[in-house]
1. From A393, A359, A332, A341, which residue is within 30 Å of L591 (Cβ to Cβ), in a loop (DSSP other than H, G, I, E, B) and among the hydrophobic types (A, V, I, L, M, F, W, C)?
2. Taking the range 292-312, which residues are part of a loop (DSSP other than H, G, I, E, B), under 11 Å from N227 (Cβ atoms) and over 19 Å from the mean Cα position of the chain (by Cα)?
3. Does any residue of the range 369-383 turn out to be of a type in the set (D, E, K, R), closer than 30 Å to G315 by Cβ and buried (at least 20 other Cβ atoms within 10 Å of the Cβ)?
4. Which one is surrounded by the most Cβ atoms within 10 Å (Cβ to Cβ), of the residues in the range 112-143 that are aliphatic (A, V, I, L, M), in contact with a Lys or Arg (Cβ under 9 Å, 6 or more places away or on another chain) and within 19 Å of Q494 (Cα to Cα)?
5. Within the set of pairs 6+ apart or on separate chains, which have a first residue in the range 110-134 that is within 25 Å of E447 (Cβ to Cβ) and touching a residue at least 24 places away in the same chain (Cβ under 8 Å), a second that is of a type in the set (S, T, Y) and surrounded by 11 or more Cβ atoms within 10 Å (Cβ to Cβ), and C-beta atoms under 9 Å apart?
6. In the range 436-452, what residues are open to solvent by 10 Å² or more (accessible area, probe 1.4 Å) and outside any loop (DSSP other than H, G, I, E, B)?
7. Among what's in the range 269-317 and is among the charged types (D, E, K, R) and under 19 Å from S114 (Cβ atoms), pick the residue that is surrounded by the most Cβ atoms within 10 Å (Cβ to Cβ).
8. Filter the range 175-197 for residues that are in contact with a helix residue (DSSP H, G or I) (Cβ under 9 Å, 6 or more places away or on another chain) and more than 16 Å from S281 (Cβ to Cβ) and give the result.
Amino acid sequence: MLLVMAALLAADLAVAQVADAPLGATVQGQGAARSVVFRVWAPNATKVGVAGDFNGWHADFLQPEPNRPGHWVLESRRARPGDAYRYEMEGLLRRDPRARAVDVDDNKGVIVDSRTYAWGPAANWTMPPKEDLVMYEMHLSTFAAGIPGQGSPFELARKRIPYLKALGINCIQLMPVNEFPGSRSWGYNPSDLFAVESSYGGSTGFRDFIKACHTNGIAVLLDIVHNHYGPDKIAVWQFDQRLSESDGGIYFYRDEERALTEWGPRPDFSREEVRTFILDSVKMFLDEYRVDGFRWDSVHNIRYTQNGQRSNADGDRLLSEANAWMRKNRPAALRIAEDHAFDGGGVGFDAQWNSGFQAELSEFIRSADTLRELSGFATELERLDGFTWVNFAECHDSAGDLNRHHRLPVYIDPSDPNSLRARALSLLANGIVMTVPGFPMMLQGFEMHDTADFSDNIPVPWTRALKTHAGIVQATRDLIHLRRNLKGHTPGLQGEELRVIHLDDDAKVLAYSRRIRNTPRDHATVVVITFSPNPLKQHGVRFPSTGAWFCHFNSGLAAYAKDFDNLGPRPGTGYNLPAGQTTLPLDMSRLSMLVFSKSRPPGATLTKAPYAPEIESPAEREPSEPRPVTDFVEEVLDPFPYVFVPLPAEWHP
């Protein structure tokens, strides 16, 4: 009897020693004292075993945790990093939903010791200030596919980091890299929320990629998917019991109203264990991979159900908890939503993708030249304020083959997307994105005038960047450097304010000033755009003030494309507006952009501006309704009705 009691006490002590280990397979200790603690949530199981390489695939049984109903635990001194394993529950074989590496086809997890990775100098990395960020949306496998050499996509992509750095990119917005079935996907069908896609290079490949990015001054934001999982081979599907075909079990809503999204089953955000599962995945990517923030996919399917007919307080609670934890523990990390970030007062996001602006910009840019109505577009520009929006001319949705969409140049000129008009207008769209308030972002390939639909089987056309469209790449580089104020001449582009200062709908010329809030007008950066299909000669444009104004960028130069008009001032050309004159006559290439400021660059010239009659400031415009959009399906949806549901009293951010 005493021996039985002693054995029970010893077992209780062992359980107590490992109870603080997180869920999953956690490596503890070093050398002879090293062990692996297996913890799993399986409330419907009556017996849980773990089998793997370390025990010849003969299950060792976990013990129920006395103070944590539904949780099971085992400490193994035989298990080692690199060992494959899975759980057995009364005939069910399940891979660990929290495994850092998996083999989906064999339904196994792999033990990973994340403590051993050496970050080197990248350990001291700090995120650039938000006003300095220029983002690049990257789909890893297609970004890497056209790069010469051997290696995983993560390894190959690292070879192009110097290219991105030279371009001026300092933030990669990486499309999802969670494990998914097969080897090709956009990434929005995750099967394992703690594992990195093995065909990409797995957990070590991802760390190496982030380490290289950080070493080169580039942040990495990760696109994460928690509005739905799968729909195929989901690790948590019917995890601890067999159920009917449509019943996902403990990790998913089970009622008809909330169970499904159009892409797959919706996690049950009402369960604390499911919210913890999601929050722990967020923490893992921040702690073990050192990502610099997230873009949450389809937030409307977290915050709403029934295609937006009902708000979901459970989803609000999940997002509020995740964002509150990040705000407290990783304040520099960005919290971005794809949509519906600020409904009902918001749930703690910093910013939201501005798909509405993308749709407006695309519709405006591709319109017939004589039909563009500048006043309405100017109103859209003045809506932009601060850093609550991520702005872009293209993204994977607007240009993707799965949505039957195309790249912007194809919409501009379907018969010849490489025409002068398509190239000039696409560059102009990118110039607008780079010169308006908010976080600027471009989809991979946009900088080289990629005309192929975005797809998970079409590589980035690197020959365009290196040869045929190198001038467009150079123009993009110059725009990014201006946006980031790398030469110190265009600080206004990093500011929060935009004010339209010139609008000529007949000539199709628009100008706006950009400046940091509460700074003098003389500190503004001025952007002049002509949407005219013909070159303009000595066209008067209103500037914020008199004095010297210097050109820093001209998108119509032959240096960017030999067939551009090559009219207007070169960078370094300055004009002195005399007292009483704020109108500057300018030559402009068709469909082009000029950027000016009062900051004089080295080697600049300065001449007296020719006389021009004064132009009045544009009249105040009434806010206009967004125009209907035909090509980007997500943008024709009206905002979903939001009915605020108070969070439980016991919850505190």
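The values are calculated or read from the model by the stated rules, or taken from the named source; none is laboratory data. Every value quoted in this text rests on a predicted model; they were computed, and no experiment measured them. Because the Cβ atoms are built from the backbone with ideal geometry, glycine has one as well, and the counts that use them run over all protein chains shown. Note: accessible area is taken over every heavy atom of the protein model, side chains too, but ligands, DNA and RNA are not part of it. Shrake-Rupley method; radii C 1.70, N 1.55, O 1.52, S 1.80 Å.
1. Exactly one of A393, A359, A332, A341 is within 30 Å of L591 (Cβ to Cβ), in a loop (DSSP other than H, G, I, E, B) and among the hydrophobic types (A, V, I, L, M, F, W, C), namely A393.
2. Of everything in the range 292-312, just one residue is part of a loop (DSSP other than H, G, I, E, B), under 11 Å from N227 (Cβ atoms) and over 19 Å from the mean Cα position of the chain (by Cα), namely N312.
3. Taking the range 369-383 and keeping what is of a type in the set (D, E, K, R), we get 369, 372-373, 380, 382-383.
So of that shortlist, the ones also closer than 30 Å to G315 by Cβ come out as 380, 383.
After this cut, where a residue has to be buried (at least 20 other Cβ atoms within 10 Å of the Cβ) as well, the list is none.
Checked the range 369-383: no residue is of a type in the set (D, E, K, R), closer than 30 Å to G315 by Cβ and buried (at least 20 other Cβ atoms within 10 Å of the Cβ).
4. Of everything passing the filter in the range 112-143, L133 is surrounded by the most Cβ atoms within 10 Å (Cβ to Cβ).
5. W125/T215
6. Hit for the range 436-452 is F446, nothing else.
7. Result: D292.
8. Once the filter is applied, which keeps residues that are in contact with a helix residue (DSSP H, G or I) (Cβ under 9 Å, 6 or more places away or on another chain) and more than 16 Å from S281 (Cβ to Cβ), the range 175-197 yields M175, G182, S183, R184, S185, W186.
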